[in-house]
1. State whether the residues of segment B:184-201 include one that is under 21 Å from A:Thr80 (Cβ atoms), within 7 Å of chain A (Cβ to nearest Cβ) and β-branched (Val, Ile, Thr).
2. When you scan segment B:36-58, how many residues do you find that are closer than 27 Å to A:Leu50 by Cα, at pLDDT 85 or above and not aromatic (Phe, Trp, Tyr)?
3. Might you let me know whether segment A:22-31 holds any residue that is outside any loop (DSSP other than H, G, I, E, B), under 16 Å from B:Arg104 (Cβ atoms), touching a helix residue (DSSP H, G or I) at 6+ places or on another chain (Cβ under 7 Å) and of a type in the set (D, E, K, R)?
4. Among the residues of segment A:9-19, is there at least one that is at pLDDT below 85, of a type in the set (A, V, I, L, M) and either crowded, with 23+ Cβ neighbours inside 10 Å or not assigned by TED's automatic domain parsing to the domain that holds A:Trp70 (or both)?
5. For residues that are polar (S, T, N, Q) and under 30 Å from B:Ala47 (Cβ atoms), scanning just segment B:106-164, find the one that is surrounded by the fewest Cβ atoms within 10 Å (Cβ to Cβ).
6. For segment A:73-90, which positions are over 14 Å from B:Leu184 (Cα atoms) and either modelled with pLDDT under 95 or in contact with a Phe, Trp or Tyr (Cβ under 6 Å, 6 or more places away or on another chain) (or both)?
7. For segment A:20-43, which positions are surrounded by 17 or more Cβ atoms within 10 Å (Cβ to Cβ) and either in contact with a Lys or Arg (Cβ under 7 Å, 6 or more places away or on another chain) or more than 24 Å from B:Ala186 (Cβ to Cβ) (or both)?
Amino acid sequence: MLDPGYVVGVLVIIFAITFALRAVPFAVLEPLRESRFVLTMAIWMPVGVLAVLAASTFRSTAGDDPGHLWKAGVAVAVTTIVHLTGGRRTLLSVGLGTATYVVLVNLL
Amino acid sequence: MMGVEKDVEEPPADRRQEVRTGIALSLAPGLGMFPLGIAFGLLVVQAGMPWWLAPALSTAGFAGSLELLLIGLMASGTPLATIALTTLLVNFRHVFYAFSFPLRVVRNPLAKFYSMYALIDEAYAVTAANPRGWTAWRLIALQVTLQAYWVVGGLVGVGLASLLPGPVEGLEFALCALFVTLTLDAARSSAQVPSLLLAGLSFAIAVVVAPDAALFLSLALFVAMLALRFAVAVHRGRFGDA
């Protein structure tokens, strides 16, 4: 059984560290809000961060098993094609892409 | 993705409409977060932990990938110092989100506190793909709804644990599909190509150099490369407005 003190310790630690990592940068950047550097980073960063998150979740979904790589690749292609040709309806693209992957992984 | 986009901060428009828009924007990430939350709840019970640990972790440290890691760490009684270090490393990427997350639209101190506390990857991603038109009500509605998907998903998973042998394999792909579509939405002009290439290069280097910390390292490399790119642009006296 879990020791209650241990559980409370874990909860306090993850709250404090996670909150600090999310909140402190706002305080640091606040005085720099008008700086050219911060404004430029705000424009340049999002697309790259999103691409990194896409690559990272691709890897954690399919990276462990070489047999799953091509299935995830096909699902990414389906997601992309549906998104670009279906009027950028995110729910539709994510739904069809995920359905493709679930079917490929479970039936093949 | 939707709605009328404006550059200026909105006057106190229709709050209900703003909340509705926030909830609508949460649906696509929810498609990934809800099933993943269920998987998280199942894992908590399968690891022999009490059911309430799922909502407790999702409230204290609202961060999906960390919570999934913590189940195994707690089950094996990992020392608190190790848990602190793991939390620091796994969640460190969030420090970069302050550059463009629209926290400035939130005035109420409590709402501001919540918005920073609930700044997860998915919330950042939605604002990154839809940079304009944010209001406090829209942003908080988005974040509260995202947390609800995650916490309720965890509770459903805990409840299902006794009924199901395991979660449906492959549903976790929804998060990857979500980030793919958001990247496509953010990359509509050719001005975004340099950032995309630098991000790809960062990720490739990170996977080779530090496969276990690839997410953090690739974000750190990416930010460093952008800083270099900025320095070069300034040096050349050419200032990219893209």
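1. no
2. The total comes to 5.
3. Looking through segment A:22-31, at least one residue is outside any loop (DSSP other than H, G, I, E, B), under 16 Å from B:Arg104 (Cβ atoms), touching a helix residue (DSSP H, G or I) at 6+ places or on another chain (Cβ under 7 Å) and of a type in the set (D, E, K, R).
4. no
5. B:Ser162
6. A:Ala75
7. If the condition is that a residue be surrounded by 17 or more Cβ atoms within 10 Å (Cβ to Cβ) and either in contact with a Lys or Arg (Cβ under 7 Å, 6 or more places away or on another chain) or more than 24 Å from B:Ala186 (Cβ to Cβ) (or both), then A:Ala23 is the only one that fits.
Residues checked against (1) of a type in the set (A, V, I, L, M, F, W, C); (2) in contact (Cβ under 8 Å) with a residue 24 or more places away in the chain; (3) assigned to a helix (DSSP H, G or I):
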residue: B:Glu67; (1), (2), (3): no, yes, yes
residue: B:Asn91; (1), (2), (3): no, yes, yes
residue: B:Phe101; (1), (2), (3): yes, yes, no
residue: B:Ser115; (1), (2), (3): no, yes, yes
residue: B:Ala141; (1), (2), (3): yes, yes, yes
residue: B:Thr145; (1), (2), (3): no, yes, yes
residue: B:Gly170; (1), (2), (3): no, no, no
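The values are calculated or read from the model by the stated rules, or taken from the named source; none is laboratory data. Bear in mind that the values here come from a model prediction, so they are computed numbers and not experimental data. Don't worry about glycine lacking a Cβ; one is built from the backbone with ideal geometry, like all the others, and counts go over all protein chains shown.
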